[in-house]
Ligand code: BTN
């Protein structure tokens, strides 16, 4: 396991560094882990605060066949995170669509999946593990927290990284739709959809076969969302 992991104490962003390694031919399964990031990147151009104590991991995936649908890679990564957290930390985390990992109603992990040349993907995962709450970005609607502050137990980052890499190897090689559906916390509830300048309330019914969030608007019409954000704050 350790032979395919590069560990560094600090970098700007493990995703940025692994993207440049991918362009120079790094192999599928290559992993890069940093102790902290000075410019951690999140979805939608946001930053991801990455102080010491968290797990900042990027994984290079070169699928042998193109993925069945665009959402399947990031969904597989979200399922892998939940499986690893249960095995190592003993917590049952869930997924806020698309791929925020939630425990105790707080965001404990974010995932940023980026494409690289040659049909490759760099999957970046940031887990707030032993990170003090005061150092975390609380800009999400649920707020962020570290596993240590939520459970009172500190986690061995090396053990978590090994379990996460094994879970990624497994989940990226199979269909995770049913597991994603059962881990998803966003269905069966009313929420607010934020899409560009648009914002409206709707009822989230289910996850469709392409990982879209099926919503029912108040006029009774249904549609599947494949991008944008949702908030449980109405
Ligand atoms: C989000 O919540 O918007 C996604 C956050 C993704 C953060 C991880 S940390 C490891 C990797 N490197 C980055 O710069 N970002 C991802």
### Query
Scanning the range 33-44 for residues that are over 21 Å from residue 211 (Cα atoms) and surrounded by fewer than 23 Cβ atoms within 10 Å (Cβ to Cβ), which turns out farthest from the ligand (Cβ to nearest atom)?
35
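Here are 228, 143: which of them is without any contact (Cβ under 8 Å) to a residue 40 or more places away in the chain and closer than 20 Å to residue 50 by Cα?
Working: 228 fails: closer than 20 Å to residue 50 by Cα.
Only one candidate qualifies: 143.
Within the bounds of the range 102-121, is there any residue that is in contact (Cβ under 8 Å) with a residue 24 or more places away in the chain, away from the ligand (no atom under 15 Å from the Cβ) and touching a strand residue (DSSP E or B) at 6+ places or on another chain (Cβ under 8 Å)? Show your work before the answer.
Of the range 102-121, the ones in contact (Cβ under 8 Å) with a residue 24 or more places away in the chain are 102-114, 116-121.
Restricting the remaining residues to those that are away from the ligand (no atom under 15 Å from the Cβ) gives 104-105, 117-120.
Adding the requirement that they be touching a strand residue (DSSP E or B) at 6+ places or on another chain (Cβ under 8 Å) leaves 120.
Scanning the range 102-121 turns up at least one residue that is in contact (Cβ under 8 Å) with a residue 24 or more places away in the chain, away from the ligand (no atom under 15 Å from the Cβ) and touching a strand residue (DSSP E or B) at 6+ places or on another chain (Cβ under 8 Å).
Does residue 146 meet the test of being within 18 Å of residue 103 (Cβ to Cβ) and surrounded by 19 or more Cβ atoms within 10 Å (Cβ to Cβ)? Don't jump to the end; show me each part of the working.
Values: within 18 Å of residue 103 (Cβ to Cβ): yes; surrounded by 19 or more Cβ atoms within 10 Å (Cβ to Cβ): yes.
Yes; evaluated as a whole, the condition is true for this residue.
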### Task
Check whether at least one residue in the range 115-130 is under 18 Å from residue 44 (Cα atoms) and surrounded by fewer than 20 Cβ atoms within 10 Å (Cβ to Cβ), and report yes or no.
yes
### Task
Identify all residues within the range 191-202 that are surrounded by fewer than 19 Cβ atoms within 10 Å (Cβ to Cβ) and under 13 Å from residue 213 (Cβ atoms); write none if there are none.
192, 194, 195
### Query
For residue 95, are the conditions met, namely being over 24 Å from residue 39 (Cα atoms), within 15 Å of the ligand (Cβ to nearest atom), in contact with a helix residue (DSSP H, G or I) (Cβ under 7 Å, 6 or more places away or on another chain) and assigned to a strand (DSSP E or B)?
yes
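Is it fair to say residue 134 is assigned to a helix (DSSP H, G or I) and in contact with a helix residue (DSSP H, G or I) (Cβ under 9 Å, 6 or more places away or on another chain)? Outline the logic, then answer.
Numbers: assigned to a helix (DSSP H, G or I): yes; in contact with a helix residue (DSSP H, G or I) (Cβ under 9 Å, 6 or more places away or on another chain): no.
Criteria not met by residue 134.
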### Query
Taking the range 45-76, which residues are within 12 Å of the ligand (Cβ to nearest atom), over 17 Å from residue 212 (Cβ atoms) and not in a strand (DSSP E or B)?
45, 46, 48, 49, 51, 54
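Throughout, read-outs are computed from the coordinates displayed, never taken from laboratory work. Since the structure is predicted, the reported quantities are computational estimates derived from the model, not experimental observations. Please note: Cβ atoms are built from the backbone with ideal geometry, for glycine as well, and neighbour counts cover all protein chains shown.
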